[in-house]
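So the structure is just underneath, and the comments pick up after that.
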DNA sequence: GTCTATATGCAGATAGAC
DNA sequence: GTCTATCTGCATATAGAC
């Protein structure tokens with residue numbers, strides 16, 4: 001069988017370049033927000049702006065792919081962390097599963113992935129058509145979190161009077177907004193912030 | 001004494017127009033994000049784009065003023081809510097003061113003010129020089145919140161192991177991110193969301 | 001596949017009439 | 001003070017050489 005670009009073991013040169021551009025774009029969007037310029041993305045990827053168009057039809061296409069990969073990455077990290085927690089066959093305590101998800105998502109956004117970071121940072125700024133196309137991805141990731149919350153609620157772990165949608169969105173806000181203020185050169189590590197996020201969201205600031 | 005533009009009781013026509021432009025800009029930035037266009041702002045204010053320049057030297061100046069007014073508005077609402085709570089001479093329970101601040105800030109962002117909303121939405125997207133100039137305002141509002149938290153911590157109301165900076169930023173994230181998902185036409189009212197925010201931030205989602 | 005050079009379009013900004 | 005018309009600059013996008 002001849003190797004093709006869809007063979008993940010041996011990506012073509014073109015596929016690797018494409019990946020390099022996406023990496024550069026994620027880093028730029030994370031840092032500069034939605035208005036990051038193609039020239040800067042190209043420079044980071046080690047090429048001229050015009051060359052990007054061999055790999056992507058438009059800036060919008062690039063943005064759309066960053067958003068999609070951003071959610072996919074966060075989703076994958078969260079799912080993996082929970083599967084690790086669950087072990088081979090038994091399902092864990094629903095409260096610990098939620099805590100694990102919060103920690104994993106926060107870490108993904110803070111330091112594990114420029115994609116997850118960029119997604120959190122620019123998702124509110126993209127033009128309507130891109131936002132629309134992104135909704136399906138958001139829904140499936142949201143549904144996963146909703147399951148975690150529903151299960152916990154059913155098990156009686158959560159407050160009875162809680163609106164799960166509002167709770168989920170508020171939690172996402174706390175986690176995603178860290179992209180606006182986290183500074184790796186400062187006192188607080190990503191781990192410490194993730195710990196505080198778990199604590200606040202699950203147990204609150206009050207004693 | 002001749003009336004001047006600084007006489008707040010009887011603003012000049014020019015001052016009123018300026019205010020109309022700012023209102024329009026706040027509404028546009030809230031809705032469209034940082035990339036809201038001057039033509040749309042002008043249209044909302046009932047004039048042509050070129051006419052804006054009689055009142056503002058540049059788009060950046062307009063943005064900077066929206067940011068400043070956004071924080072000032074949230075600050076004012078929070079302070080007023082807390083002063084009301086405190087009553088004339090006694091200081092209230094530090095926990096109730098925090099809850100009051102959370103509710104007031106969330107309501108400011110959600111429905112009381114396009115300025116507070118716009119500030120929360122675009123603050124992470126503005127170019128470096130505007131962001132720099134905005135830092136002083138952010139610091140003074142942040143200091144106010146820090147006082148609320150410090151007082152509560154000293155009174156033994158908060159978790160002992162809590163990093164107050166991280167806690168404050170996470171709370172801001174939960175509150176400010178509501179601008180990304182709140183939809184007045186849907187099931188949840190601003191009040192319900194504010195209630196849930198108070199509950200999550202102070203007491204957590206878990207029972 | 002990437003380069004250079006150039007075209008296109010659009011948003012911000014300016015000038016001058018009214 | 002606001003209008004219309006126009007200018008400018010910049011970022012995206014295209015064309016053709018290599």
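Go through the range A:40-58 and give me each residue that's within 18 Å of residue A:122 (Cα to Cα) and touching a helix residue (DSSP H, G or I) at 6+ places or on another chain (Cβ under 6 Å).
A:40, A:41
All but one of (1) in a helix (DSSP H, G or I); (2) within 11 Å of DNA strand C (Cβ to nearest atom); (3) away from every other protein chain (no Cβ under 14 Å) hold for residue B:60, so report the exception by its number.
That leaves (3) as the condition not met.
Would you mention how many residues in the range A:116-136 are part of a helix (DSSP H, G or I) and either buried (at least 16 other Cβ atoms within 10 Å of the Cβ) or at pLDDT below 95 (or both)?
9
Show the residue pairs meeting these rules: Cβ distance below 7 Å; 6+ apart or different chains; first residue within the range A:49-62 and within 19 Å of residue A:130 (Cα to Cα); second residue within 13 Å of DNA strand C (Cβ to nearest atom) and not in a helix (DSSP H, G or I).
Close Cβ pairs (under 7 Å, with a partner that is within 13 Å of DNA strand C (Cβ to nearest atom) and not in a helix (DSSP H, G or I)) amount to A:62/A:56.
Any residue at all in the range B:137-146 that is buried (at least 21 other Cβ atoms within 10 Å of the Cβ) and out of contact with any strand residue (DSSP E or B) (no Cβ under 6 Å at 6 or more places or on another chain)?
yes
Based on what the data block shows, is residue B:90 surrounded by 14 or more Cβ atoms within 10 Å (Cβ to Cβ) and out of contact with any strand residue (DSSP E or B) (no Cβ under 7 Å at 6 or more places or on another chain)?
The answer is no for residue B:90.
Looking for something within 16 Å of DNA strand C (Cβ to nearest atom) and either away from chain A (no Cβ under 14 Å) or farther than 30 Å from residue A:124 by Cα (or both) - is there at least one such residue anywhere in the range B:65-75?
yes
Would you check if there is a residue in the range B:88-108 being at positive phi and either more than 11 Å from chain A (Cβ to nearest Cβ) or modelled with pLDDT under 95 (or both)?
No - not one qualifying residue is present in the range B:88-108.
Do you know which residues across the range A:29-51 are buried (at least 20 other Cβ atoms within 10 Å of the Cβ), part of a helix (DSSP H, G or I) and more than 10 Å from DNA strand D (Cβ to nearest atom)?
Residues satisfying the conditions are A:29, A:30, A:45.
Which of the residues belonging to the range B:28-53 are more than 15 Å from DNA strand C (Cβ to nearest atom) and closer than 20 Å to residue B:119 by Cα?
The one that is more than 15 Å from DNA strand C (Cβ to nearest atom) and closer than 20 Å to residue B:119 by Cα: B:30.
Of all residues in the range B:155-185 being more than 9 Å from chain A (Cβ to nearest Cβ), over 16 Å from residue A:197 (Cα atoms) and free of Cβ contacts under 8 Å to residues at least 60 places away in the same chain, which is surrounded by the most Cβ atoms within 10 Å (Cβ to Cβ)?
B:183
Inspect all residues belonging to the range B:79-89 and state whether any of them is more than 24 Å from residue B:167 (Cβ to Cβ) and within 16 Å of DNA strand D (Cβ to nearest atom).
no
Scanning the range A:188-202 for residues that are over 16 Å from the mean Cα position of the chain (by Cα) and over 15 Å from residue B:168 (Cα atoms), which turns out nearest to the other protein chains (Cβ to nearest Cβ)?
The extreme case among them is A:202.
The values are calculated or read from the model by the stated rules, or taken from the named source; none is laboratory data. Bear in mind the structure is a predicted one, so any value in this text is a computation, not a measurement. Quick reminder, even Gly has a Cβ in these numbers, built from the backbone with ideal geometry, and neighbours come from all protein chains shown.
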